[in-house]
Amino acid sequence: MSGSDARALSRSLLDLCRMRKLTIATAESCTGGLVAGALTDIPGSSDVIDRGFVTYSNDAKRAMLGVKATTLATFGAVSKETATAMAIGALERAGVDLAVSITGIAGPGGATPGKPVGLVHFAVAARDGRILHRECRFGAIGRSAVRQRSVVEALRMLTELARGPQAATKPRRDATSRVHPRLARTPRRGAVKHRRPPRT
């Protein structure tokens, strides 16, 4: 199920990015490049996918993505702050339109107090400044299942930002701008009609 879901999501995401002329980079820790693999498994993905960073260690996160040592020391590798820094770092270093990051504990080991197996942090950063973070607690469902679910979630988040805010907000703005003049005009017309008879 997860494999077919990832393939379907990858296809639709690539089609959307082609239509909107968007490019993507990935920054992965616990998934070890599986998101990039899912996307590049689709023929013709090279016009959308630029590169993938597999930053498994903290040293790699610092060297390849520019994650600050203080961020890692203060919040840990599996955190909102590190995931966000990874996504922004990938976006800046690749010069793409969208970048996704994943950092988590796939298990079976690696859990710490407050950070159980199955905890995964995701972040997607867009060139227009939008940043989306999500925390998922998949539970101890097995290493492979955690990684597969993480791939699907990352693809969903990329799709969400790839759609962009403009398609949703523009019609609403147009609608409100059209409604207000109508509401403003009708009282004025009514007022004019009431004023004219007394004057004649």
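The values are calculated or read from the model by the stated rules, or taken from the named source; none is laboratory data. A quick note: this is a predicted structure, and the numbers were derived from the prediction, not measured. Cβ coordinates were reconstructed from backbone atoms using ideal geometry, including for glycine residues, and neighbour counts include every protein chain displayed. All accessible areas refer to the heavy atoms of the entire protein, side chains included, with ligands and DNA or RNA removed. Shrake-Rupley method; radii C 1.70, N 1.55, O 1.52, S 1.80 Å.
For this structure, a couple of remarks:
So that you can scan it fast, the table gives a plain yes or no per residue for (1) open to solvent by less than 10 Å² (accessible area, probe 1.4 Å); (2) within 25 Å of Asp128 (Cα to Cα):
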{"residue": "Thr55", "(1), (2)": "yes, yes"}
{"residue": "Asn58", "(1), (2)": "no, no"}
{"residue": "Arg62", "(1), (2)": "no, yes"}
{"residue": "Thr84", "(1), (2)": "no, yes"}
{"residue": "Ile88", "(1), (2)": "no, yes"}
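- Within segment 105-163, tally of residues that are in contact (Cβ under 8 Å) with a residue 12 or more places away in the chain and open to solvent by less than 60 Å² (accessible area, probe 1.4 Å): 35
- Residue in segment 5-48 that is least open to solvent (accessible area, probe 1.4 Å), counting only those that are over 15 Å from the mean Cα position of the chain (by Cα), of a type in the set (Val, Ile, Thr) and within 18 Å of Ile102 (Cβ to Cβ): Thr31
- Tally, over segment 22-67, of residues that are touching an Asp or Glu at 6+ places or on another chain (Cβ under 8 Å), part of a loop (DSSP other than H, G, I, E, B) and either of a type in the set (A, V, I, L, M) or over 24 Å from Gly3 (Cα atoms) (or both): 2
- Residue in segment 66-82 that is farthest from Ala126 (Cα to Cα), counting only those that are open to solvent by 30 Å² or more (accessible area, probe 1.4 Å) and small (Gly, Ala, Ser): Ala73
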